[in-house]
Amino acid sequence: MTTPIGYVLGTQEATPLEFWVAVLPGHVLRLDDVIEVQTHRPDGGEIVHFYGVVDHVRTLHEGTQFDTDTFLVKSGSLPVNISYAAHIQVTRIEPEEYLPPQPGDTVNLAVDEDLKRALHFDGMEKRISAGTMRNSDSNIRKN
């Protein structure tokens with residue numbers, strides 16, 4: 001089982017096609033990283049899997065209001081938390097149930113079979129190498 005990289009944010013809107021992730025301290029989520037999220041249907045039905053690609057990352061001070069508050073934070077006179085978040089563009093949902101993921105759902109880097117599903121490689125009979133990915137392993141490039 002993979003280690004969580006973050007959780008679906010509850011402070012930003014989550015839709016079936018895009019959502020935000022709060023990145024856990026000590027972890028990294030970069031542009032073009034591929035992720036996997038599982039959510040339970042609200043009616044208790046089957047689990048829905050979301051696969052997506054990071055298309056935007058950001059950090060900011062939580063607890064500040066003005067740009068110049070940065071000077072107060074650096075001097076130690078204004079306590080803040082740093083928010084590190086990533087925006088996900090969904091590439092695939094299995095089964096195709098257009099429900100949003102739930103705030104707090106665990107986010108993992110997609111590797112091995114999840115990475116193949118995220119990029120629709122699982123349906124390709126013949127694949128060609130077109131580059132490498134940071135969260136990829138060598139198995140994705142094999143036919």
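Provide a single number: the residues in the stretch 14-56 that are hydrophobic (A, V, I, L, M, F, W, C) and closer than 13 Å to Ile82 by Cα. Going through the stretch 14-56 one residue at a time, the tally reaches 3. Consider Thr70 carefully, then state whether it is outside any helix (DSSP H, G or I) and either out of contact with any His (no Cβ under 6 Å at 6 or more places or on another chain) or open to solvent by 70 Å² or more (accessible area, probe 1.4 Å) (or both). Here the answer is no, as Thr70 does not meet what is asked.
Of the residues making up the stretch 73-89, those that are assigned to a loop (DSSP other than H, G, I, E, B) and either surrounded by 11 or more Cβ atoms within 10 Å (Cβ to Cβ) or touching a His at 6+ places or on another chain (Cβ under 8 Å) (or both) number 2. Restricting the stretch 10-55 to residues that are more than 14 Å from the chain's Cα centre (by Cα) and in a strand (DSSP E or B) leaves a set whose member that is surrounded by the most Cβ atoms within 10 Å (Cβ to Cβ) is Val48. Only a single item in (1) open to solvent by less than 40 Å² (accessible area, probe 1.4 Å); (2) closer than 14 Å to Val107 by Cα; (3) not in a loop (DSSP other than H, G, I, E, B) is not met by Tyr7, and it is number (1). Per this entry, Arg41 is not counted among residues that are at pLDDT 95 or above, among the charged types (D, E, K, R) and out of contact with any helix residue (DSSP H, G or I) (no Cβ under 9 Å at 6 or more places or on another chain). Taking the criterion of being farther than 28 Å from Phe19 by Cβ and of a type outside the set (A, V, I, L, M), the residues of the stretch 71-97 that qualify are Phe71, Lys74, Ser75, Gly76, Ser77, Pro79.
The values are calculated or read from the model by the stated rules, or taken from the named source; none is laboratory data. Small disclaimer: the values here were computed from a predicted structure and weren't measured. In this analysis, Cβ positions are derived from the backbone assuming ideal geometry, glycine residues included, and neighbour counts consider all displayed protein chains. All accessible areas refer to the heavy atoms of the entire protein, side chains included, with ligands and DNA or RNA removed. Shrake-Rupley method; radii C 1.70, N 1.55, O 1.52, S 1.80 Å.
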